[in-house]
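These notes are about the structure you will find just below.
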Ligand SMILES: Nc1ncnc2c1ncn2[C@@H]1O[C@H](COP(=O)(O)OP(=O)(O)OP(=O)(O)O)[C@@H](O)[C@H]1O
Ligand SMILES: [Mg+2]
């Protein structure tokens with residue numbers, strides 16, 4: 001059996017998640033308008049109370065945009081996002097750079113994979129580790145101790161996840177997707193946002209990703225929000241589900257509660273899928 005990064009990876013989480021049962025993030029009056037059209041309209045939303053949470057809804061509902069509003073990849077038209085730390089401290093993410101948000105431990109995977117062609121898989125992973133310590137980046141990057149520690153950490157991930165050639169470039173769409181998620185996990189986020197993690201990923205790799213996500217969450221190291229159209233994964237994995245339609249969170253609750261609600265069938269599924 002391959003090594004488990006949770007046990008052998010000495011890199012600490014960027015910040016501990018909030019105490020169990022407390023929200024990690026609170027959104028207040030968050031809206032996003034594009035050309036006069038409102039694509040997100042969320043008066044109040046708490047995320048991170050329940051370990052692994054799901055965000056579902058039809059195409060174009062505003063799910064990805066909502067995640068980008070949290071990570072500040074997209075600036076809101078109105079509203080604020082507040083991060084609650086384990087020590088009781090509160091920081092307003094609104095107005096921060098996306099890099100600063102990531103350094104606070106709030107990290108998002110990409111639904112659409114960007115170009116990885118200039119770096120090998122191993123280099124991409126090393127860069128993720130170095131970037132997570134940006135403030136000490138230049139002094140650390142050359143340091144032998146940092147390199148040794150990073151290489152050991154990267155090896156545990158490479159043992160666990162199936163890359164064809166770690167010293168080559170990510171080849172297939174599936175490898176790029178996996179590398180994107182692994183880079184997020186390497187950052188040891190306290191709040192991880194996964195945007196359609198299974199799309200394009202072979203089932204075996206999806207299972208390994210979800211296993212590590214469950215381990216980290218169960219250990220209290222992070223909270224997770226997952227966007228997925230594979231609803232079986234949502235029902236099986238999430239303790240709480242937010243359902244979005246037309247920019248609004250119209251329903252939330254346990255998987256059983258959300259599955260049983262007529263709104264879901266009407267706006268998204270067709271009753272045969274529920
Ligand atoms: N940069 C943009 N400019 C204009 N409109 C945008 C932009 N980004 C998103 N939109 C629109 O906002 C709406 C919500 O898009 P978003 O990508 O958040 O949906 P989604 O729920 O993630 O959908 P999917 O399940 O298909 O990924 C869509 O109508 C989309 O066309
Ligand atoms: Mg999307």
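Structure summary
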quantity: Check on residue 99, over 29 Å from residue 259 (Cβ atoms), assigned to a helix (DSSP H, G or I) and more than 15 Å from ligand 2 (Cβ to nearest atom); calculated: yes
quantity: The stretch 35-67, residues that are under 14 Å from residue 191 (Cβ atoms), more than 10 Å from ligand 2 (Cβ to nearest atom) and assigned to a strand (DSSP E or B); calculated: 45, 46, 47, 52, 53
quantity: Inter-residue pairs, beta-carbon under 9 Å, first more than 21 Å from residue 37 (Cβ to Cβ) and touching a residue at least 40 places away in the same chain (Cβ under 8 Å) and in the stretch 61-86, second assigned to a loop (DSSP other than H, G, I, E, B) and within 15 Å of ligand 1 (Cβ to nearest atom), 6+ apart; calculated: 81/72
quantity: Count - residues of the stretch 18-46 that are more than 16 Å from ligand 1 (Cβ to nearest atom) and in contact with a helix residue (DSSP H, G or I) (Cβ under 9 Å, 6 or more places away or on another chain); calculated: 1
quantity: Residue under evaluation residue 29, criteria (1) modelled with pLDDT of 95 or more; (2) surrounded by fewer than 22 Cβ atoms within 10 Å (Cβ to Cβ); (3) within 16 Å of ligand 2 (Cβ to nearest atom), criterion not met; calculated: (3)
quantity: Cβ-Cβ under 8 Å pairs, at least 6 apart or on other chains, the stretch 254-274 side closer than 13 Å to residue 232 by Cβ, far side modelled with pLDDT under 85 and outside any helix (DSSP H, G or I); calculated: 259/274
quantity: Residues within the stretch 59-72 that are surrounded by 15 or more Cβ atoms within 10 Å (Cβ to Cβ) and within 11 Å of ligand 1 (Cβ to nearest atom), tallied; calculated: 9
quantity: Qualifying residue in the stretch 84-93 (condition: within 16 Å of ligand 1 (Cβ to nearest atom), in contact with a helix residue (DSSP H, G or I) (Cβ under 8 Å, 6 or more places away or on another chain) and either in a loop (DSSP other than H, G, I, E, B) or at pLDDT 90 or above (or both)); calculated: no
quantity: Test: residue in the stretch 103-113 that is in contact with a strand residue (DSSP E or B) (Cβ under 6 Å, 6 or more places away or on another chain), assigned to a loop (DSSP other than H, G, I, E, B), modelled with pLDDT under 80 and under 21 Å from residue 197 (Cα atoms); calculated: yes
quantity: Positions within the stretch 191-215 being touching a residue at least 40 places away in the same chain (Cβ under 8 Å) and closer than 14 Å to residue 53 by Cα, in sequence order; calculated: 191, 192, 193, 194, 195, 196, 197, 213, 214
quantity: Some residue of the stretch 139-155 being within 27 Å of residue 64 (Cβ to Cβ), assigned to a helix (DSSP H, G or I) and at pLDDT 90 or above; calculated: no
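The values are calculated or read from the model by the stated rules, or taken from the named source; none is laboratory data. The shown structure was predicted, so the numbers you read here are calculated from the model rather than taken from an experiment. Counting neighbours? That spans all protein chains shown, and the Cβs are built from the backbone with ideal geometry, glycine included.
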